[in-house]
1. Can you name every residue in region 104-118 that is modelled with pLDDT under 90 and surrounded by fewer than 16 Cβ atoms within 10 Å (Cβ to Cβ)?
2. Criterion first (among the small types (G, A, S), more than 21 Å from L36 (Cβ to Cβ) and assigned to a loop (DSSP other than H, G, I, E, B)) does G92 satisfy it?
3. For S133, which of the numbered conditions (1) without any contact (Cβ under 8 Å) to a residue 40 or more places away in the chain; (2) under 18 Å from F71 (Cβ atoms); (3) open to solvent by less than 40 Å² (accessible area, probe 1.4 Å) fails to hold?
4. Against the definition (out of contact with any Asp or Glu (no Cβ under 7 Å at 6 or more places or on another chain) and at pLDDT below 90), how does L164 come out, yes or no?
5. Got a sec? Which of L128, L111, L158, L107 is in a helix (DSSP H, G or I) and in contact with a Cys (Cβ under 6 Å, 6 or more places away or on another chain)?
6. When region 45-61 is examined, which residues are found to be open to solvent by less than 50 Å² (accessible area, probe 1.4 Å), in a helix (DSSP H, G or I) and under 24 Å from R80 (Cα atoms)?
7. Consider region 34-61. How many of its residues are without any contact (Cβ under 8 Å) to a residue 24 or more places away in the chain and polar (S, T, N, Q)?
8. Somewhere in region 36-44, is a residue hydroxyl-bearing (S, T, Y) and surrounded by 12 or more Cβ atoms within 10 Å (Cβ to Cβ)?
Amino acid sequence: MAWQGLAAEFLQVPAVTRAYTAACVLTTAAVQLELLSPFQLYFNPHLVFRKFQVWRLVTNFLFFGPLGFSFFFNMLFVFRYCRMLEEGSFRGRTADFVFMFLFGGVLMTLLGLLGSLFFLGQALTVMLVYVWSRRNPRVRVNFFGLLTFHAPFLPWALMGFSLLLGNSILVDLLGIAVGHIYYFLEDVFPNQPGGKKLLLTPRFLKLLLDAPQEDPNYLPLPEEQPGPLQQ
């Protein structure tokens, strides 16, 4: 019964958050069970463009390392902030949310080439946190009961935490940079004098993922209009 309750609760999670979190967990489980190897997942331009192993463009965003503290830490932030974005500023805009993932993934992949980065899932997590934090600047965040600060400081706190753990902060900086580029192009520049919206979600994504909008000029048939039942 507990398992059924957990499954029912998980199905209440918005679609994109549910799909991405499940993909990350299943990828890590497959590596733990030795069904997959990290060497089959990491980003390698030579293997992608010469050997046509195009799945690496996606799988490098799904693997956060073996089961352990780092994995659960990242999954906590992926699930929490991805969900809050999808239920908040992207509510009813699934296509726009998916397009943000695509924009961030493409830009991270291009910039990752310069830094020889092989797994970009953590950078994507930081990007999600950054966008959420800039859209909720007055929210106060409690960081593991140790520090309390306003949301815009959260990405930098994550970077500092990575530094304390002895990890490279290059991935965190990449996530912050891409998150800021998206935030500027989506939220800042269109509201500037002479600015305009540059990030336009492709129409096919809207048709595929968003619920059709009602035509405000649609006039229902007489039998569809509310009123007393005609004999």
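The values are calculated or read from the model by the stated rules, or taken from the named source; none is laboratory data. None of the values given here were measured: they were computed from a predicted structure. Using ideal geometry, Cβ is built from the backbone for each residue, glycine included, and neighbour counts are taken over all protein chains shown. Keep in mind that these areas ignore ligands, DNA and RNA; they rest on the heavy atoms of the full protein, side chains included. Shrake-Rupley method; radii C 1.70, N 1.55, O 1.52, S 1.80 Å.
1. Once the filter is applied, which keeps residues that are modelled with pLDDT under 90 and surrounded by fewer than 16 Cβ atoms within 10 Å (Cβ to Cβ), region 104-118 yields L113, L114, G115, S116.
2. Judged against the criteria, G92 is a match.
3. Unmet for S133, out of (1) without any contact (Cβ under 8 Å) to a residue 40 or more places away in the chain; (2) under 18 Å from F71 (Cβ atoms); (3) open to solvent by less than 40 Å² (accessible area, probe 1.4 Å): (2).
4. Answer is yes for this residue.
5. Exactly one of L128, L111, L158, L107 is in a helix (DSSP H, G or I) and in contact with a Cys (Cβ under 6 Å, 6 or more places away or on another chain), namely L128.
6. Residue satisfying the conditions is T59 alone.
7. Here the count works out to 3.
8. yes
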